[in-house]
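> Dropping the structure in here first, questions after.
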Amino acid sequence: METRKIQKVGGGTFTVSLPKAWTSDHGFEAGMELRLYTHRDGSILIRSSEAEVEWLADATVDLDGGDPDCDDLDAGDTDSGDPDCDDLDAGDPDNGDPEAAARAVRTAHTVGFETITLRRRGAFTEAEREAVRSTVRELVGTDILTESDAEIRIGHLLDTSSVSVRQSVTQLQYVVVSLLRDAAEAFGNAADTQTRVRDRAAEARRSAEMITRHFSRSLVSYAELDALGVSRSELFAYYGIATRLETVTEQAVRIATTGEELPEPPAAEAAAAVRAVVDDVARAVDDAVTAVLNGELTTAQQARERSADAIEQIDAVEQRLYEESVSDSVPTAVALSTTLTHLRRAANCSCGIADVAARTAIRAENIDR
């Protein structure tokens with residue numbers, strides 16, 4: 001790191017000298033126009049182009065196979081790692097793959113591109129088009145702009161400055177906690193609850209994906225943080241919450257599905273055992289997210305203890321499963337064991353969120369002053 005002093009020149013102009021070697025290495029020359037970006041955290045960024053904006057403007061996804069010289073971006077990869085590479089490989093180069101088309105849309109959207117263009121050498125199949133439409137409907141602030149035989153253009157229409165990531169986390173918190181409790185009811189084969197579980201799960205995924213999108217954009221665009229009105233550390237914490245709550249959502253859906261597949265409703269004692277443990281996990285998740293949002297170390301520690309207590313309760317119920325006759329039905333006993341496994345994973349996510357809360361609180365007390 002080098003330091004430079006601000007110098008006053010003439011009647012009110014200030015200058016900062018740049019090291020000659022540094023300017024040569026970066027291709028700067030006398031008379032070149034530079035762009036200065038100031039950010040809410042006090043940092044100043046100097047660039048010779050507006051590449052930051054251009055990097056996230058457009059993405060072209062070739063469903064028949066992308067440029068081998070580019071870093072392929074397929075399902076599960078949320079960062080191309082190369083802003084100069086426009087083509088994102090979506091999947092298998094065959095005559096029609098609806099799942100690949102849907103993954104391409106979701107992945108490019110998560111990276112943070114404003115416009116996504118899907119292309120084919122031939123015409124899109126109707127199944128591919130429906131998969132794209134269905135995926136777009138699930139993404140917040142996104143719509144199909146144009147369609148042709150071999151091209152589908154999708155745009156993100158939501159202005160970042162109108163987004164509150166903190167509010168999105170709060171909404172996600174409410175939905176996931178409610179989803180866990182709905183899943184416990186669904187374990188008893190309540191038909192109306194099964195539908196509610198699916199609806200809440202879809203809502204939770206939309207919120208989590210939106211948070212992930214803004215986090216991904218912030219890795220490339222400094223302006224994203226300013227538009228959101230959050231610091232880098234805050235957004236990272238929110239992203240950590242969102243990814244773990246996505247996992248909790250998956251576990252809740254699996255609990256509901258496990259109950260739905262039972263040949264008959266579980267015994268009252270078994271259903272009551274599931275509801276009691278789910279309530280412990282739901283409260284642990286709720287407290288852990290609140291601890292992150294409040295930024296208090298004491299609250300974070302209490303949330304961590306509640307999460308650990310929930311895991312102990314799960315272990316206790318599992319022990320009873322083997323020592324006592326919780327259910328006369330073998331399928332119900334197996335379903336209960338499977339459900340407890342899902343709940344343990346959810347509780348572990350709660351522990352992870354509580355750890356994020358503790359780190360956030362310690363950082364706030366010692367750095368963010």
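> Could you give me the residue pairs with C-beta distances under 8 Å whose first residue belongs to the range 193-207 and is in contact (Cβ under 8 Å) with a residue 40 or more places away in the chain and open to solvent by less than 50 Å² (accessible area, probe 1.4 Å), whose second residue is not charged (D, E, K, R) and not in a helix (DSSP H, G or I) wherever it lies, and which are 6+ apart or on separate chains?
From residues that are in contact (Cβ under 8 Å) with a residue 40 or more places away in the chain and open to solvent by less than 50 Å² (accessible area, probe 1.4 Å), the pairs are S207/V140.
> If only one of R213, R206 is out of contact with any Ser or Thr (no Cβ under 6 Å at 6 or more places or on another chain) and among the basic types (K, R), which one is it?
Values: R213 fails: out of contact with any Ser or Thr (no Cβ under 6 Å at 6 or more places or on another chain).
Going through R213, R206 in turn, the sole match is R206.
> Assuming A202 fulfils every condition listed in (1) at pLDDT 95 or above; (2) farther than 23 Å from G295 by Cβ apart from one, which condition is it?
(1)
> Please work out which residue is farthest from D149 (Cα to Cα), limiting yourself to the range 94-132 and to residues that are under 21 Å from the mean Cα position of the chain (by Cα) and polar (S, T, N, Q).
For the range 94-132, the residue satisfying everything is T110.
> How many residues are in a strand (DSSP E or B), touching a strand residue (DSSP E or B) at 6+ places or on another chain (Cβ under 7 Å) and open to solvent by 60 Å² or more (accessible area, probe 1.4 Å) if we restrict to the range 118-150?
From the range 118-150, those in a strand (DSSP E or B) are 118-119, 142-147; that's our starting set.
Narrowing further to those that are touching a strand residue (DSSP E or B) at 6+ places or on another chain (Cβ under 7 Å): 118-119, 142-146.
Still in the list and also open to solvent by 60 Å² or more (accessible area, probe 1.4 Å): 119, 143, 145-146.
Qualifying residue count, the range 118-150: 4.
> Mind listing whichever residues of the range 291-304 are open to solvent by less than 50 Å² (accessible area, probe 1.4 Å) and not hydrophobic (A, V, I, L, M, F, W, C)?
As a first pass, look at the range 291-304 and keep what is open to solvent by less than 50 Å² (accessible area, probe 1.4 Å): 291-293, 295, 297, 299-300, 303.
Residues satisfying the conditions are G295, T299.
> Is it fair to say T243 is surrounded by fewer than 18 Cβ atoms within 10 Å (Cβ to Cβ), in contact with a Cys (Cβ under 7 Å, 6 or more places away or on another chain) and among the β-branched types (V, I, T)? If you could, list the steps in order and put the result at the bottom.
Values: surrounded by fewer than 18 Cβ atoms within 10 Å (Cβ to Cβ): yes; in contact with a Cys (Cβ under 7 Å, 6 or more places away or on another chain): no; among the β-branched types (V, I, T): yes.
Taking the combined requirement at face value, the residue does not satisfy it.
> Could you list, in sequence order, all residues of the range 151-186 that are in contact with a Phe, Trp or Tyr (Cβ under 7 Å, 6 or more places away or on another chain) and over 19 Å from Y238 (Cβ atoms)?
Scanning the range 151-186 gives a single hit, I152.
> Right, something else. Return only the number of the condition from (1) surrounded by 18 or more Cβ atoms within 10 Å (Cβ to Cβ); (2) without any contact (Cβ under 8 Å) to a residue 24 or more places away in the chain that T332 does not satisfy.
It fails just one condition, (2).
> Still on this structure, I have one more. Taking the range 265-286 as the region of interest, how many residues are crowded, with 24+ Cβ neighbours inside 10 Å and charged (D, E, K, R)?
0
> Within the range 134-153, take every residue that is more than 20 Å from the chain's Cα centre (by Cα) and in contact (Cβ under 8 Å) with a residue 24 or more places away in the chain and give me the one that is farthest from T110 (Cα to Cα). Show your work before the answer.
Within the range 134-153, the subset more than 20 Å from the chain's Cα centre (by Cα) is 144-153.
Add one more test, that the residue is in contact (Cβ under 8 Å) with a residue 24 or more places away in the chain, and what stays is 145, 149-153.
On the way: L145: 18, D149: 25, A150: 23, E151: 20, I152: 18, R153: 16 Å.
Among those that are more than 20 Å from the chain's Cα centre (by Cα) and in contact (Cβ under 8 Å) with a residue 24 or more places away in the chain, it is D149.
> What do you reckon, is A273 at pLDDT below 95, over 22 Å from T247 (Cβ atoms) and under 32 Å from the mean Cα position of the chain (by Cα)?
Working: at pLDDT below 95: yes; over 22 Å from T247 (Cβ atoms): yes; under 32 Å from the mean Cα position of the chain (by Cα): yes.
Yes, satisfied.
> In the range 227-238, which residues are farther than 25 Å from V197 by Cβ and open to solvent by 10 Å² or more (accessible area, probe 1.4 Å)? Before the answer, list the steps.
If we filter the range 227-238 for residues that are farther than 25 Å from V197 by Cβ, which is where we start, we get 227-237.
Scanning the range 227-238 gives A227, L228, G229, V230, S231, R232, S233, E234, F236.
> Can you name the number of the only condition in (1) closer than 30 Å to V277 by Cα; (2) at pLDDT 90 or above; (3) open to solvent by less than 30 Å² (accessible area, probe 1.4 Å) that A186 fails?
Against the list (1) closer than 30 Å to V277 by Cα; (2) at pLDDT 90 or above; (3) open to solvent by less than 30 Å² (accessible area, probe 1.4 Å), A186 comes up short only on (2).
> Starting from the range 293-321, keep only residues that are closer than 19 Å to A272 by Cβ, then list their pairs with residues that are among the basic types (K, R) whose Cβ atoms are within a distance under 8 Å, requiring at least 6 positions of separation or different chains.
A310/R283; I314/R344
> Contact list please: Cβ distance under 7 Å, first residue in the range 107-124 and within 24 Å of L158 (Cα to Cα), second residue crowded, with 21+ Cβ neighbours inside 10 Å and charged (D, E, K, R), pairs at least six apart or on different chains.
Here the result reads H109/R213; T110/R213; G112/R213; G112/R217, each pair linking the range 107-124 to a residue that is crowded, with 21+ Cβ neighbours inside 10 Å and charged (D, E, K, R).
> Pick out, from the range 14-117, the helices (runs of 4 or more DSSP H) lying fully within it that include 3 or more residues that are at pLDDT 75 or above and open to solvent by 70 Å² or more (accessible area, probe 1.4 Å).
Numbers: elements: 20-25, 51-55, 98-111.
Filter on the range 14-117 gives 20-25.
The values are calculated or read from the model by the stated rules, or taken from the named source; none is laboratory data. A quick note: this is a predicted structure, and the numbers were derived from the prediction, not measured. Quick reminder, even Gly has a Cβ in these numbers, built from the backbone with ideal geometry, and neighbours come from all protein chains shown. We work out accessible area using only protein heavy atoms, side chains counted, and drop any ligands, DNA or RNA first. Shrake-Rupley method; radii C 1.70, N 1.55, O 1.52, S 1.80 Å.
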